[in-house]
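K.L.:
One structure coming up, written as structure tokens, with questions to follow.
The values are calculated or read from the model by the stated rules, or taken from the named source; none is laboratory data. In this text, all values refer to a predicted model and were calculated from it rather than measured experimentally. Cβ atoms come from the backbone with ideal geometry, glycine included; neighbour counts cover every protein chain shown.
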Amino acid sequence: MPRKERDSGGEGPDVSPEYPKRRRIALACTVCRSRKSRCDGVRPTCGACSALGFACTYNALPSSTNVIIGKEYLGEIEDRLAKVEQCLSSMKQSQGLIVDQRRDGQRPQVSQSISNQEAEPIDIQDGSHESQMGEGPSDGMGAIAFTDEQNSAFFGPSSNITFTRRLGKALERAFDKTQPWSTPGTMDSTQMEGGIISVTRPSSPIEAVNHSFPNKTDLFNLGPHEEALRLINIYFSDTGMLFPFLHQKTVLDKYTEFHNNNFTRVHRSWLGLLNMILAFATSVYIEGKDSATERLYRSDLYYQKALALCSGMMTRGTSLEMVQLLLLMSQYLQGTQRSVQTWTIHGLAVKAAFQLGLHSARASKSLSPLEQEIRRRTWYACVILDRTLGMTFGRPATIPEEYVKIDLPRNDPGVMSEDTNPMHETSISLYNYTITLYRIMHKVLTTCYGSNLDCETPVTVFESLTQVLQLDQQLAQWTHTLPSHLQLRKAQDISDDVDNNFREKARVILTLRYQNLRLLLHRPILLRFLGFIGRTDEESPDRVALQQVGMNDLSICVEAAAEIIGIVHCSVTPDPRRRKLLGAWWFSLYYTFNAALVVFSCWLISTKYGQPRITESISADLCSLTFHNAIEALQILDRGNAIAEKCVEYLKQLRYIMSTFGASGPTGQAIDMPFPQYMVSGIPEDQQQHAASSMEGYPIMSPFNLDLGQFMLEDDPQALMRVIEGLR
């Protein structure tokens with residue numbers, strides 16, 4: 001209809017009705033856009049879709065950066081949010097919990113790294129701190145009362161726990177004591193029945209490190225930029241060279257990129273991996289001014305952040321970064337007061353590795369050469385850790401040897417985007433020779449320890465000696481394949497030039513791994529000798545066979561143990577700079593503690609077996625000197641370290657037994673001073689008294705939260721103390 005014109009002579013406006021302007025909407029629904037029809041923009045269902053019965057959806061285009069949302073819609077959202085907050089508040093108040101009321105416009109204070117960022121921090125719920133939060137035995141509603149959990153763990157034949165128990169039984173018979181290793185009255189537990197430890201009391205808290213769980217805003221705070229870079233470089237100059245399954249250039253490039261972007265777009269798994277790198281570097285770097293307790297505190301904060309970021313992804317999300325994160329967690333936990341948890345984390349890493357196909361060469365064919373190499377190295381890190389944990393905890397292998405088929409890692413500077421630094425060549429050589437050495441370890445665990453199944457048929461002494469001899473020949477062949485830059489070292493030949501000398505470090509660490517495997521191989525014969533102490537069946541065929549052909553195994557045990565203790569001792573005394581030649585402190589602690597137990601066992605056999613041939617083959621004075629060096633080395637290895645101090649305490653109790661029978665000390669004179677007042681050279685008296693104090697002063701803790709899972713049970717020192725009390 002034509003629009004009326006105004007009358008030129010009229011005084012009033014045109015009263016004819018006009019068509020109203022069509023209201024402009026910011027975004028049409030998907031259906032109207034596809035039909036190219038007019039949309040009124042009403043939400044949640046526009047008029048056209050309502051009339052036609054279509055499902056109405058609004059999908060913003062990627063380029064729609066200035067979308068206008070109606071006030072009515074925002075008001076509805078705010079009303080709904082207020083109702084949800086009110087409901088949550090009333091629920092929390094009914095449970096007697098503290099409610100963190102946040103009003104409109106109030107946001108948590110974020111860390112500096114994201115202070116200019118508008119996004120809210122990720123809200124992560126994590127239940128890993130239940131035992132530390134002091135919760136009672138009832139659930140949150142107060143309606144259900146839970147009884148104490150019964151936790152059990154299996155420690156098989158190759159574990160140190162089984163070794164210390166066998167040694168303890170030999171001490172009982174040697175000194176004619178009545179079962180000091182029986183169940184103590186202070187604990188409701190069943191001790192070592194078929195390798196099973198059962199505890200029916202609540203888990204005890206971890207020894208006091210006074211810090212709170214990081215809140216959600218702390219998860220993104222990596223600390224000062226310079227400190228983070230320093231720790232990353234420490235990791236890749238030490239642990240990253242020993243286990244080269246992380247690509248240094250990729251990590252540094254990603255960190256720089258994310259730091260420049262204020263960590264606005266970052267994967268949880270990668271941020272968790274970065275936190276574990278920082279945790280590992282903090283824990284192993286013992287050359288700084290921080291005490292062992294301070295390092296534990298700082299490294300644990302990084303670990304808790306990684307756990308909070310990725311705990312939900314550990315069982316459902318799978319990526320190469322997650323496998324690497326789990327590997328670092330498992331290694332890190334070996335040096336904490338939650339060492340037993342490393343077995344669970346390791347199982348998750350192996351599961352994820354299989355899910356990704358890291359064990360398969362065909363699964364990686366379509367990937368770039370760099371990705372193929374990193375996947376290969378990560379897979380073999382899983383294998384190495386599996387063999388290590390199987391040995392220390394006495395558990396069956398998670399990865400059977402027949403699953404290890406892919407080629408060994410390669411050193412290709414072009415593929416890895418690295419310079420031609422000889423350190424990288426040495427690093428991958430050390431990695432590969434460790435892999436081949438641990439293949440022999442798997443054979444030792446399978447043949448001599450029944451795959452740690454603890455259900456093998458007993459074999460005769462001659463059969464056991466034959467097995468040991470065959471595997472010893474394989475070890476000898478392995479040593480002949482070593483290149484010149486990885487030749488094994490003697491303690492007296494270690495170089496004084498330790499600065500930037502990774503080749504010497506690689507040789508020292510490979511030697512420790514080799515000598516520890518020798519101990520593991522010959523220990524079954526040692527245990528057979530211990531088994532005959534205090535028994536009257538002197539004419540039994542097995543006992544006669546041991547006396548005839550088992551002496552060489554005892555000599556090898558003393559030799560290998562003396563080399564381990566000598567290397568660690570000369571690396572921490574007298575020049576502390578040599579400590580750089582050792583790996584992570586907990587590996588050095590394990591090797592030295594295990595070697596010291598072997599030395600004491602050989603001394604006990606020499607003293608109590610009553611055979612001249614054994615006395616002539618094993619020098620009691622050499623055992624005493626070596627044992628003294630082990631105690632001294634562990635006291636200096638990481639001063640103030642609670643794990644090392646408890647191991648030293650146990651060894652000092654054994655040292656008192658040696659001194660009671662007149663064993664010579666380092667000066668060649670008999671040590672007959674009462675326990676525990678004897679002196680150890682080079683150690684301040686106040687530290688000696690602290691380290692030698694009775695284990696009765698330590699709080700009773702569950703074997704599943706304590707820090708001695710790889711070494712002994714917590715009540716073993718108390719049982720040993722009862723033997724000592726009987727000698728006075």
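K.L.:
Note down all Cβ pairs under 8 Å where the first residue falls in the stretch 29-50 and is on the phi < 0 side of the Ramachandran plot, the second is of a type in the set (S, T, N, Q) and modelled with pLDDT of 90 or more, and they're at least six residues apart or on different chains.
P.N.:
Every condition considered, no pair remains.
K.L.:
Going by what's in this entry, would T336 be described as within 11 Å of the chain's Cα centre (by Cα) and crowded, with 18+ Cβ neighbours inside 10 Å?
P.N.:
The answer is yes for T336.
K.L.:
Hey, among the residues in the stretch 346-383 that are among the aliphatic types (A, V, I, L, M) and surrounded by fewer than 22 Cβ atoms within 10 Å (Cβ to Cβ), which one's nearest to M441 (Cα to Cα)?
P.N.:
Going through the qualifying residues, I end up with L348.
K.L.:
For the stretch 480-572, which fully contained helices (runs of 4 or more DSSP H) count at least 1 residues that are in contact (Cβ under 8 Å) with a residue 24 or more places away in the chain, of a type in the set (S, T, N, Q) and in contact with a Leu (Cβ under 6 Å, 6 or more places away or on another chain)?
P.N.:
502-532, 551-572
K.L.:
Consider L519 carefully, then state whether it is out of contact with any His (no Cβ under 9 Å at 6 or more places or on another chain) and crowded, with 18+ Cβ neighbours inside 10 Å.
P.N.:
The answer is yes for L519.
K.L.:
Just to be sure, is I567 modelled with pLDDT of 80 or more, among the aliphatic types (A, V, I, L, M) and over 30 Å from K289 (Cα atoms)?
P.N.:
Details: modelled with pLDDT of 80 or more: yes; among the aliphatic types (A, V, I, L, M): yes; over 30 Å from K289 (Cα atoms): no.
So I567 does not fit the description; no.
K.L.:
Could you check, for the stretch 459-476, whether at least one of its residues is under 28 Å from P396 (Cβ atoms) and not in a helix (DSSP H, G or I)?
P.N.:
Among the residues of the stretch 459-476, at least one is under 28 Å from P396 (Cβ atoms) and not in a helix (DSSP H, G or I), which makes the answer yes.
K.L.:
Please specify each residue of the stretch 353-366 satisfying the condition of being out of contact with any Gly (no Cβ under 6 Å at 6 or more places or on another chain), assigned to a helix (DSSP H, G or I) and over 21 Å from M329 (Cα atoms). Steps first, answer last, please.
P.N.:
Within the stretch 353-366, the first condition is being out of contact with any Gly (no Cβ under 6 Å at 6 or more places or on another chain), and the residues that meet it are 353-362, 364-366.
Still in the running and assigned to a helix (DSSP H, G or I): 353-356, 362, 364.
Passing the criteria: R362, S364.
K.L.:
If a residue has to be within 20 Å of L581 (Cβ to Cβ), surrounded by 12 or more Cβ atoms within 10 Å (Cβ to Cβ) and either at pLDDT below 95 or touching a helix residue (DSSP H, G or I) at 6+ places or on another chain (Cβ under 6 Å) (or both) to count, how many in the stretch 467-485 make the cut?
P.N.:
Summing the residues that are within 20 Å of L581 (Cβ to Cβ), surrounded by 12 or more Cβ atoms within 10 Å (Cβ to Cβ) and either at pLDDT below 95 or touching a helix residue (DSSP H, G or I) at 6+ places or on another chain (Cβ under 6 Å) (or both) in the stretch 467-485 gives 1.
K.L.:
Being part of a helix (DSSP H, G or I) and on the phi > 0 side of the Ramachandran plot is the filter here, so list the residues in the stretch 448-458 that pass it. Give the steps one after another, and end with the answer.
P.N.:
Within the stretch 448-458, the first condition is being part of a helix (DSSP H, G or I), and the residues that meet it are 448, 450-452.
Hits for the stretch 448-458 are G450, S451, N452.
K.L.:
In this structure, does V444 turn out to be assigned to a helix (DSSP H, G or I), over 17 Å from T511 (Cα atoms) and outside the structural domain of R376 (by TED's automatic domain parsing)?
P.N.:
Spelling it out, V444 is indeed assigned to a helix (DSSP H, G or I), over 17 Å from T511 (Cα atoms) and outside the structural domain of R376 (by TED's automatic domain parsing).
K.L.:
Now for a different question. Tally the residues that are touching a His at 6+ places or on another chain (Cβ under 6 Å) and surrounded by 17 or more Cβ atoms within 10 Å (Cβ to Cβ), restricting the search to the stretch 389-410.
P.N.:
Adding up the residues that qualify gives 1.
K.L.:
Also: Exactly one of (1) buried (at least 21 other Cβ atoms within 10 Å of the Cβ); (2) more than 23 Å from the chain's Cα centre (by Cα); (3) over 25 Å from I605 (Cα atoms) is unmet by P524. Its number?
P.N.:
That leaves (3) as the condition not met.
K.L.:
Checking R316 against (1) basic (K, R); (2) surrounded by fewer than 23 Cβ atoms within 10 Å (Cβ to Cβ); (3) modelled with pLDDT of 90 or more, which test does it fail?
P.N.:
That leaves (3) as the condition not met.
K.L.:
From the list V350, V383, V415, which residue is touching a Pro at 6+ places or on another chain (Cβ under 7 Å) and assigned to a helix (DSSP H, G or I)?
P.N.:
Only one candidate qualifies: V415.
K.L.:
I've got another one for you. Among the numbered criteria (1) within 17 Å of the chain's Cα centre (by Cα); (2) surrounded by fewer than 17 Cβ atoms within 10 Å (Cβ to Cβ), which single criterion is violated by L274?
P.N.:
If we test L274 against (1) within 17 Å of the chain's Cα centre (by Cα); (2) surrounded by fewer than 17 Cβ atoms within 10 Å (Cβ to Cβ), just (2) comes out false.
K.L.:
Name the residue that is surrounded by the fewest Cβ atoms within 10 Å (Cβ to Cβ), counting only residues in the stretch 227-236 that are without any contact (Cβ under 8 Å) to a residue 40 or more places away in the chain and of a type outside the set (K, R).
P.N.:
Our first condition is that a residue be without any contact (Cβ under 8 Å) to a residue 40 or more places away in the chain; within the stretch 227-236, this holds for 227, 229-230, 233, 236.
Of the ones still in play, those that are also of a type outside the set (K, R) are 227, 229, 233, 236.
Values: E227: 12, L229: 14, N233: 14, F236: 19.
If we take residues in the stretch 227-236 being without any contact (Cβ under 8 Å) to a residue 40 or more places away in the chain and of a type outside the set (K, R), then E227 is surrounded by the fewest Cβ atoms within 10 Å (Cβ to Cβ).
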